[in-house]
Amino acid sequence: MDRIVRIEGESSIEVPLHRGKSLLEHIREAGVYINAPCSGIGKCGKCVVKILEGKADVTEQDKEFLNQSQLDAGYRLACCFYPEESCFVEIPDSGEEKMESLKDYKVFDFEIEPIVEVKKSVNLESLNDGGSFCRNIEKIFGRKIEFSLEALKDLSKIMEHKDKSEKELYFVMKNEKLVRVSEKMERVLGLALDLGTTTIAMKVIDLESGAEIASARMINEQRKYGADVISRIAYSNENGILGLKKAAINSVLSGIKEILNTGNLDKSEIYEMSVSGNTVMLHLLMGISCRSIGVIPFTSITLEKHMFEFREIFESSMLECNVHILPSISAYVGADILSGIYAYDMIFSNKPCILIDLGTNGEMVVGSRDGIVTTATAAGPAFEGGNIKCGIGSVAGAISRVEYLDGRFVYETIGGKKAKGLCGTGLIDAAASLVKSELMDYTGYFSQGEYFEIGEGVGVYQKDMRELQLAKSAIRAGLSCLVEEYGCTFEDVEKVYVAGGFGTKVNLESLVEIGLLPEVLLKKAIVIGNSSLAGAVRYLLDKSVEEKMAGIKSKTRDINLGESPEFNNYFMLYMYFERN
């Protein structure tokens with residue numbers, strides 16, 4: 001039988017060859033990760049493979065993205081190669097699987113009242129009064145409670161000990177039900193997850209103290225089906241949800257496995273799990289259709305909060321906790337944005353505040369105690385290195401900081417490694433530096449040639465600036481529409497929270513220099529990092545969270561920029577790279 005084989009070191013994966021299918025489709029079928037931000041339409045040039053054996057003619061797309069030495073060495077784009085005979089291929093290490101996702105965020109003080117409660121009695125004998133142990137435990141909690149069968153069995157085993165006078169008991173309460181009784185103080189932990197379109201971040205939190213116990217980050221394997229939610233909706237409509245759901249599950253389970261191993265944790269210690277993310281990511285995780293999200297009037301199957309058993313969602317017994325899927329606001333303003341509003345108490349602000357998530361979906365919020373307005377704009381993948389010639393994600397070796405000093409570019413890379421590409425923050429810094437040094441004019445036109453090298457064969461192309469213009473103008477235009485809709489001006493705004501895939505690395509001055517942020521907001525802006533994860537963490541530490549999130553939703557109005565007569569005007573106005 002014809003076979004197509006993917007070689008990786010000493011191991012290989014084989015899948016049957018299907019004529020008429022691209023190599024990219026075969027790789028997906030094998031369950032192997034490959035970077036394909038454009039979802040296989042030949043526009044990004046990222047799905048590079050090396051043909052070790054087999055015939056692969058050079059296509060026009062190959063010539064566009066690969067140099068002659070690469071072509072001669074057998075490199076091709078997987079999406080453009082349709083194998084007719086058995087072949088052996090290798091996927092070069094792009095570093096994407098080690099992408100740095102955002103697990104850090106700025107924390108503000110809040111009172112901890114966890115959704116899981118731990119209490120200790122003085123000693124076991126104090127419960128032994130000739131009545132009922134359960135009744136006396138209710139006295140400790142000061143209210144009527146339910147008892148799980150597991151808790152009753154725990155209590156029964158403890159009572160079998162002959163010496164009960166010196167024993168202290170610890171009780172774990174969850175959702176007004178006693179779920180565990182123990183003679184020793186066990187850690188009561190929660191797992192918070194941000195299911196991002198590009199990357200996934202998770203933290204294990206001590207539910208008594210709020211302290212971080214462990215964390216992990218990983219690529220969202222769904223990226224092989226496209227860099228943005230529109231690509232994934234289109235793929236799921238044509239091919240079904242199963243592949244996308246499995247990709248998300250595999251990514252999350254790999255992170256949980258890492259956390260359990262490196263943190264020396266037992267699965268029995270994790271009682272609750274919260275999951276935040278945009279509406280499409282949460283639909284795909286739950287295995288429900290996104291078809292109606294992709295067409296007018298953009299209706300979701302659900303925007304509500306849901307709770308499931310871990311095995312129901314992740315089809316695994318790796319954990320035995322409840323999984324809380326956080327609520328969303330609209331089809332394109334998801335739980336990730338609601339989490340940010342909640343985490344930073346925007347609903348309690350006396351003056352308008354802004355939250356901007358700089359990513360492919362371009363979600364943004366203006367709000368205060370008087371109400372909240374939200375929207376999303378299709379910024380595209382440029383902020384995450386997509387559709388950029390030398391663009392890569394936030395991996396080791398990605399150029400993340402750029403300045404133009406004394407006639408040359410000075411840069412920093414993630415991890416201090418050799419430069420291998422340009423991530424979003426580096427792209428923004430590069431554009432700002434080109435404008436300030438007059439190597440690029442305000443229209444985005446280079447003063448000389450089509451390319452400026454930053455270092456080690458990595459640079460920016462004229463086309464890259466056009467991609468960035470589209471992304472930054474979409475954000476700025478959306479923000480202007482949102483502020484007008486809210487009924488305030490940028491001068492009225494008290495704080496601007498800048499969130500998203502940039503973490504704490506984005507240079508706010510560069511955002512102003514290229515015109516993405518109004519200059520009047522520079523001193524009001526705070527880079528908060530992963531606001532989605534911050535909200536997921538706080539969810540576990542606040543027993544009144546559902547009431548608060550429901551209150552936020554009730555005060556929130558979502559607007560569709562496609563219906564805004566001013567959006568296109570603002571979009572053209574803010575296309576220029578200039579401070580304003």
Taking N as the number of residues in segment 146-292, what value does Rg over Cα atoms divided by 2.2 N^0.38 Å take?
1.36
Share of Cα-Cα pairs in segment 341-420 lying beyond 17 Å, as whole percent:
63 percent
Of every Cα-Cα pair in segment 410-479, the percentage lying beyond 17 Å is 42 percent
Calculated over segment 268-366: convex hull of Cα atoms, volume per residue (Å³):
119 Å³
Residues whose modelled amide H sits under 5 Å from the amide H of Leu178, counting only those 5 or more places away in sequence or on another chain, are Glu146, Phe147, Ser148
Please compute the net charge surrounding Phe65, taking Lys and Arg as +1 and Asp and Glu as -1 over other residues with Cβ under 13 Å from its Cβ.
+3
Summed residue charge, Cβ within 10 Å of Val333's Cβ, Lys/Arg positive, Asp/Glu negative
-4
Once the convex hull of the alpha carbons of segment 222-316 is built, what does its volume come to per residue, in cubic angstrom?
101 Å³
Mean projected area (nm²) of the alpha-carbon convex hull when segment 292-433 is viewed from all directions
13.1 nm²
Only helices at least 27 Å long along their own axis, judged from Cα atoms, and with Kyte-Doolittle mean hydropathy of -0.5 or greater: name those in the chain from DSSP H.
242-262, 462-486
Lysine pairs in segment 430-568 8 or more apart or on different chains: how many have alpha carbons under 23 angstrom apart?
20
Where in segment 266-288 does the amide nitrogen come within less than 20 Å of the point 7 Å from the Cα of Leu253, taken along Cα to Cβ?
266-276, 281-288
Coordinate range along principal axes, alpha carbons of the chain, Å, largest first:
90, 68, 48
Lys and Arg at +1, Asp and Glu at -1: neighbours of Val496 with Cβ under 11 Å from its Cβ sum to +2
Stretch gain in nm, segment Arg135-Phe308, where the contour uses 0.36 nm per residue and the Cα spacing is subtracted
59.3 nm
Per DSSP helix of 4 or more residues, -39500 (n - 2.57); summed, then divided by the residues of the chain. What does that give at 222 nm, rounded to the nearest 500?
-8500 deg cm²/dmol
Debye intensity ratio I(q)/I(0), log10, segment 431-522, q values 0.18 Å⁻¹ (C-alpha model)
-0.91
Please report, as a whole percent, how much of the solvent-accessible surface of segment 275-364 comes from carbon and sulfur atoms (probe radius 1.4 Å).
54 percent
Would you mind working out the accessible area per residue for the chain, using a 1.4 Å probe, and quoting it in Å²?
42 Å²
A chain fully extended from Ile526 to Glu29 at 0.36 nm per residue, minus the present Cα-Cα distance, gains in nm 174.6 nm
Of the accessible area of segment 405-484, computed with a 1.4 Å probe and all protein chains kept, carbon and sulfur make up a percent value of 48 percent
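The values are calculated or read from the model by the stated rules, or taken from the named source; none is laboratory data. Keep in mind the model is a prediction, meaning the values are calculated, not measured. Note that each Cβ is placed from the backbone with ideal geometry, even for glycine, and that neighbours are counted across all protein chains shown. Ligands, DNA and RNA are excluded from the accessible area calculation, which covers all protein heavy atoms including side chains. Shrake-Rupley method; radii C 1.70, N 1.55, O 1.52, S 1.80 Å.
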